[in-house]
1. Looking at LEU100, LEU117, LEU124, can you tell me which residue is assigned by TED's automatic domain parsing to the domain that holds TYR31, in a strand (DSSP E or B) and farther than 21 Å from ARG21 by Cβ?
2. Any idea how many residues of the stretch 233-267 are within 27 Å of LEU311 (Cβ to Cβ) and surrounded by fewer than 12 Cβ atoms within 10 Å (Cβ to Cβ)?
3. Would you confirm whether any residue within the stretch 63-77 is modelled with pLDDT under 90, farther than 20 Å from ASN139 by Cα, β-branched (Val, Ile, Thr) and under 20 Å from the mean Cα position of the chain (by Cα)?
4. Please verify whether the stretch 247-264 includes one or more residues that are closer than 23 Å to VAL350 by Cβ and among the acidic types (Asp, Glu).
5. Would you say THR486 is assigned to a strand (DSSP E or B), at pLDDT 90 or above, loosely packed, with under 13 Cβ neighbours inside 10 Å and under 42 Å from the mean Cα position of the chain (by Cα)?
6. Are any of the residues in the stretch 446-456 within 20 Å of ALA565 (Cα to Cα) and aromatic (Phe, Trp, Tyr)?
7. What tally of residues in the stretch 43-74 results from selecting those that are farther than 18 Å from LYS94 by Cα and without any contact (Cβ under 8 Å) to a residue 12 or more places away in the chain?
8. Applying the selection to the stretch 496-509, what residues are buried (at least 16 other Cβ atoms within 10 Å of the Cβ) and part of a strand (DSSP E or B)?
Amino acid sequence: MRRSRHPALDWDTIGQPLFDRIIEALVQRIYGEDWDVRPIDGSGGDGGIDIECLNTKSATRHVCQLKYFPEGFSGKHGKRRQQIERSFKSLEEKPDKWILVAPCSADQGGYTFLKKLIGDTTELEFWHRARLDEMLAKNPDLVDHFAREDYGVEQAKQLALEKAVLAGGVEDLTERVLALGHTTDAVDPNWTWDFAREGDTVINTLRPRHARAAEVAPINISFEVDSTTISDEGRTALRDMDFGLEGSITFPPGAVRGLKVEGPEIVRQGSSDEVEVTLVQPANPGIAGKAVELHLTGGATALPQVHHGVLIDGRPGPAGASLRAVFHGVVTLTFLMPTIEQGASGICNVSVDYPPRAPLDTVQRATALMVDLSSSTVVELRQGTRHLVTFSADSRLNFDRDRYGDLADLVDDLQVLADAAKNRFPMPIELNSLDRLWVRALRLALEHGHTYAPGVHGLRATLEPEILDDPVHESLLAGEPGAIFTRQEPFTVELFNQRLTLPSMSLYHPSVRIEDHERVRQELAAGTRSNIHLASTDGSTFTLIGPNYPPEGAPPIGWGLPQLAEPVAFAPAETRADAASDPA
């Protein structure tokens, strides 16, 4: 009888430890390279997380909860639902997706239980037995690994070839690798090769056998490169490496011509063209981690602005010297100082790399540094009392100066909202124009009391028939203009996927009219509710009144965002008439 190449896994008998190993390998395979898959050791308490999957590009977080319940969690096993519920509720921060992995099926009640447990807080997936079988069918090598047959090993033992097929496991593998290493070491007294296998690739690493190997038996590697094949990123990497900075560049086959390795027999290689060459220069470990200060002078204040950071790289190179430092964890300054022979001025490259879901205070400190750089005339890097480098902040300071003033304003606005809402939300990944206006408007309402409500030119409401008995609303119901004032305490708003609860806010407009007022009166007179739309009579914007509205009644102030249009302010009829009659 022919045996299956990929035997199925018996979920009922494999046990919890092997089940966990299989799922951890499967999750890593399913999620791929864009995800950081982190199995969590639960010996110290896993906080409801067995496997955490993070995607830094999209700032997405998935959590897998593994339950070895081959009999399910319904019927006589219904108490297992308590374990599932405890695992989900123990999550300190709800993920974007929660995945229950259990090698079983579920009845309708089980699915209802899961949906009720999750609610609207996050997305739910259930990897049940059928789905796990389907996933493993698409990854048969995992099945081979966890359920391989021993037939070939037994045959090898009968032929006394156990070590040739590594029947003794890792001990046989280690013995054979060491024997090959000893053979390699015997070839040359100065140099040897270390070797490793990654998939179908064998990596040979040349290693000196003593400190004077390069002096006693020098090795010379020469090749030419077709310069037209070097990308802009590659040219930047080569420049950085010439200045002594960390970097790497790979020249693909076809770009390299006449590669030749000359030296002792163990490394000697004739001329070759179809090879890939990678040049790698590591960071300088002797400088990394040392504290530095960035002193910026000539800005808006008389005193210098000082920012603290650490060095991460730098050393002399053929083209000149370099220093690279990072500030507030996200702002990197790279100083390149050419040799006198180069005859060029030094430059300072500035880059900012905000991590996904960066804390607001981190972004605030980083943008403050960028704003200080924008207004400074002198940039100095110091290490305590020791001067390292000084630059005049002219065109040699490379970064987008216009961007960071707007970003600093936004972060300051967000910080006011976070403090008022007592909600320490991270920096939003995206912010549309309307959200940006509301962020500014809410800050102005909180701090100054009165501004404009972005995009609000009317309100919708539902009236009860009893309102006909209230003389206060008689003129509005007759289609005449009137004022509207509505208050919400506390004020709740949805912005950039965050729900913020702020102190009381009010919407006000001095002149609104009920649209289609005759229909509204007829519906109310018939004893039914009526849906209405109150619109400003001149298309102007409603105003937003904060909790600290001045007693004397301050007029609304504009948003003050140059890149966005200001609101349409209400103009009384007499003002409009005066403007129309003015010949100017």
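1. Values: LEU100 fails: farther than 21 Å from ARG21 by Cβ; LEU117 fails: in a strand (DSSP E or B).
Result: LEU124 is the single residue among LEU100, LEU117, LEU124 that is assigned by TED's automatic domain parsing to the domain that holds TYR31, in a strand (DSSP E or B) and farther than 21 Å from ARG21 by Cβ.
2. 1
3. Taking every residue of the stretch 63-77 in turn, none turns out to be modelled with pLDDT under 90, farther than 20 Å from ASN139 by Cα, β-branched (Val, Ile, Thr) and under 20 Å from the mean Cα position of the chain (by Cα).
4. no
5. Taking the combined requirement at face value, the residue does not satisfy it.
6. So far as the stretch 446-456 goes, yes, one or more of its residues are within 20 Å of ALA565 (Cα to Cα) and aromatic (Phe, Trp, Tyr).
7. Of all residues in the stretch 43-74, those farther than 18 Å from LYS94 by Cα come to 43-44, 57, 67-74.
From what's left, without any contact (Cβ under 8 Å) to a residue 12 or more places away in the chain: 43-44.
Adding up the residues that qualify gives 2.
8. Across the stretch 496-509, the qualifying residues are GLN498, LEU500, LEU502, MET505, SER506, LEU507, TYR508, HIS509.
The values are calculated or read from the model by the stated rules, or taken from the named source; none is laboratory data. All values derive from a computational prediction rather than experimental measurement. So basically every Cβ, Gly included, is an ideal-geometry build from the backbone, and we count neighbours across all protein chains shown.
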